[in-house]
Amino acid sequence: MFGRKNKRHTTIDTLVGPNSRVQGDLQFEGGCHVDGIVQGNVSAEPQSESAVSISENGTIEGNVSVPHVVLKGTVRGDVTASERVELGPTARVIGNVYYNLIEMAIGAEINGKLVHGTDTRAGQAAADGGESGNAGDTAKMPAPKIATGAK
């Protein structure tokens, strides 16, 4: 849109089917689609064009750290996207979302913080450092800048 190239990976190289459950971390390159359950962290190289899509029936119980994230299902953990996050109307995140660009549909739910920044290394460090929701994870994040009317 508006002359911007869309380089998002559209080929599915990795598929977690609707009757599948993965126990353990999932690392991939290219495109990944989750219709089932992943109990572990899902990640791809931050400088790649990799993308993950989680369907309405898909669930990830762990942190997600992928450049492009399209979420219509549930993530119980932090989501870190060095490029873009798209949250559909049935998306649910129980954790923080670290993003560069975000698109959020009406009905999407985030139970955590939205942290914007072109440098998502802090979100990556939190995602790599342990479980989401720990006070130690968010304590490392810089305080958000809030604009006020006072001079």
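Readers should treat all values here as calculations from the given coordinates under stated rules, not as data from a laboratory. These numbers come from a predicted model, not from an experiment. Using ideal geometry, Cβ is built from the backbone for each residue, glycine included, and neighbour counts are taken over all protein chains shown.
Could you order peptides 17-24, 68-75, 50-57 by the average number of other Cβ atoms within 10 Å of their residues, highest first?
Highest mean packing first, the order is 68-75, 50-57, 17-24.
Taking the simple approach of a point 7 Å from Cα along Cα-to-Cβ for both Leu101 and Gln39, what is their distance in nm?
Between Leu101 and Gln39, the label points sit 3.7 nm apart.
So if R0 is 22 Å, what FRET efficiency would His116 and Thr11 give, r being the distance between their Cβ atoms, rounded to the nearest 0.05?
About 0.15, to the nearest 0.05.
For labels at Gln23 and Glu49 in the simple 7 Å Cα→Cβ model, what's the distance in nm?
Computed distance between label sites Gln23 and Glu49 equals 3.7 nm.
Once you keep just the Cα pairs under 8 angstrom separated by 6 or more residues, what percentage relative contact order results for the stretch 14-129?
Numbers: 365 pairs, mean separation 19.1, N = 116.
With pairs under 8 Å counted, the relative contact order is 16 percent.
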